[in-house]
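Notes to accompany the following structure.
The values are calculated or read from the model by the stated rules, or taken from the named source; none is laboratory data. Everything numeric in this text was worked out from a predicted model, so none of it was measured. With ideal geometry, Cβ positions are generated from the backbone for all residues, glycine too; neighbour counts draw on all protein chains shown.
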Amino acid sequence: MKNSILIAMLLLFPFLGILAQKTEELALTPPMGWNSWNKFGCDINEKLIREAADALVSSGMNKAGYEYIVIDDCWQIDRKPDGTIVVDQTRFPSGIKSLADYIHSKGLKFGIYSCAGRKTCQQRPGSNGYEVIDANTYASWGVDYLKYDWCNSEGINPVKAYTDMSRALANSGRPIVFSMCEWGSSRPWSWAQNVGHLWRTTGDIQDCWDCKRDWGGMGWTTILDLQVGLEKFAGPGHWNDPDMLEVGNGHMKYNEYIAHFSFWCLLAAPLMAGNDLGNMNDSIKNILLNRDAIAINQDKAGIQGKKVYDESDFEIWTKPLQNGDTAIIFFNRNERKFDFPALWEAAGIIGNLKVYDVWQHKNIGTTQQLKSFSIDGHSVLFFRLSK
């Protein structure tokens, strides 16, 4: 049986045995930064990206760990006869290298977007067949991060396509974090550890609790459910990516954004903000700048949290931390407020531990003292437990 499975895998992925080795020990903790897509889509330009970099610094997000400014689709418009990608000069009149230099001058890192298909999702030139020239171009511009999408990829083998770009990046002479946006179609967690630094596990996120879109977009709780069982594939330098953050984009309530951010921290997910950084109110800043939550996300052990208890609308998720602490989320999926038992032992918590509330930023007692919790609808309690 094992031999037949291996043969089937090799037939399905003929390039499985020649996966590229990543050049640098990058992304040893989940990458943090900002991406233009969730808020601005294709409506981007040089001024917008510069202002996003400015806002990342002025808000203090850079000091909290956010470091990448990533342009998504719509910066490219054509190719020259020699295959070199052509930048949209109307949107980016100073060119991409100048923009990268500006972002680097802020102490930040610069990311860009392309696609493994023949065209990008917005019908711009894709990198299929141009991997080497694109990787070398990105390196010459000072790119630090590449998001690599999967549109217009009919008939293309995903393992080969992503391996080809991984190799090209490795040979470009510049360390570049490789973010694979293949939507989980070929179970990249099972083969991409030595190809990319992170890989999307699902279709695109939407700014909603549990909505679904015909083209594959979904609310964050739907994405959360699809992370169950993937925790064993994540670790330093190779992360499951449940997509970018929707915090602050206006279609969820404050408590729902807190729950969304809490889970992305517990999942050791990349924290790529996707809102308008220049127009954040204090409530959104308080979520994105929660250093106690970020510390759990950035924990050096690199363990992805997992669900340990599920009783209809009440769930418990835990994440072991490097110093022996445990992060834990009590989750009320119902719209109504309920009282729930603590169920420490059912969650694998043994002994009398101190309970630190990640959102109140204070100790609230011990596990022996806290027997039950009142949790608002669509909300979480997020704790750090220590001896």
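Points worth noting:
- Remark: residue 168 matches the filter, which requires a residue to be free of Cβ contacts under 8 Å to residues at least 40 places away in the same chain, closer than 22 Å to residue 27 by Cα and touching a helix residue (DSSP H, G or I) at 6+ places or on another chain (Cβ under 9 Å).
- Positions within the range 66-78 being over 15 Å from residue 111 (Cβ atoms) and surrounded by 15 or more Cβ atoms within 10 Å (Cβ to Cβ), in sequence order: 77
- In the condition set (1) free of Cβ contacts under 8 Å to residues at least 12 places away in the same chain; (2) touching a Leu at 6+ places or on another chain (Cβ under 8 Å); (3) of a type in the set (A, V, I, L, M, F, W, C), residue 295 is compliant with all but (2).
- Applying the set (1) under 16 Å from residue 181 (Cβ atoms); (2) surrounded by 18 or more Cβ atoms within 10 Å (Cβ to Cβ); (3) in contact (Cβ under 8 Å) with a residue 40 or more places away in the chain to residue 122 leaves exactly one unmet item: (2).
- Residues that are within 22 Å of the chain's Cα centre (by Cα) and either without any contact (Cβ under 8 Å) to a residue 12 or more places away in the chain or outside any strand (DSSP E or B) (or both) within the range 312-351 comprise 321, 322, listed in sequence order.
- Any chance residue 114 is in the same structural domain as residue 81 (by TED's automatic domain parsing) and surrounded by fewer than 20 Cβ atoms within 10 Å (Cβ to Cβ): no
- Residue in the range 80-97 that is buried (at least 23 other Cβ atoms within 10 Å of the Cβ), assigned by TED's automatic domain parsing to the domain that holds residue 157 and within 30 Å of residue 295 (Cβ to Cβ) present: no
- The selection criterion, being basic (Lys, Arg) and within 26 Å of residue 196 (Cα to Cα), holds for residue 39.
- For the range 192-249, a residue qualifies if it is among the aromatic types (Phe, Trp, Tyr), within 23 Å of residue 121 (Cα to Cα) and crowded, with 23+ Cβ neighbours inside 10 Å, and the qualifying residues are 199, 220.
- Residue match in the range 141-158 (condition: in the same structural domain as residue 63 (by TED's automatic domain parsing), small (Gly, Ala, Ser) and surrounded by 20 or more Cβ atoms within 10 Å (Cβ to Cβ)): no
- Failed criterion for residue 363 (all others in (1) within 28 Å of residue 288 (Cβ to Cβ); (2) crowded, with 20+ Cβ neighbours inside 10 Å hold): (2)
- Test: residue in the range 103-117 that is in a helix (DSSP H, G or I), at pLDDT 95 or above and under 16 Å from residue 175 (Cα atoms): yes
- Boolean, residue 371 is out of contact with any His (no Cβ under 9 Å at 6 or more places or on another chain) and touching a residue at least 24 places away in the same chain (Cβ under 8 Å): yes
- Hey, residue 70 over 16 Å from residue 284 (Cα atoms) and free of Cβ contacts under 8 Å to residues at least 40 places away in the same chain or not: no
- Residue check, residue 277 within 27 Å of residue 56 (Cα to Cα), touching a residue at least 60 places away in the same chain (Cβ under 8 Å) and of a type in the set (A, V, I, L, M, F, W, C): yes
- The numbered conditions (1) without any contact (Cβ under 8 Å) to a residue 60 or more places away in the chain; (2) closer than 26 Å to residue 280 by Cα; (3) not aliphatic (A, V, I, L, M) are all true for residue 199 except (2).
- Residues satisfying the stated conditions in the range 271-311, i.e. part of a strand (DSSP E or B) and surrounded by fewer than 20 Cβ atoms within 10 Å (Cβ to Cβ): 306, 307, 308, 309, 310, 311
- Only residues that are in a loop (DSSP other than H, G, I, E, B), at pLDDT 50 or above and either over 30 Å from residue 303 (Cβ atoms) or not assigned by TED's automatic domain parsing to the domain that holds residue 160 (or both) were counted across the range 3-55, and they come to 6.
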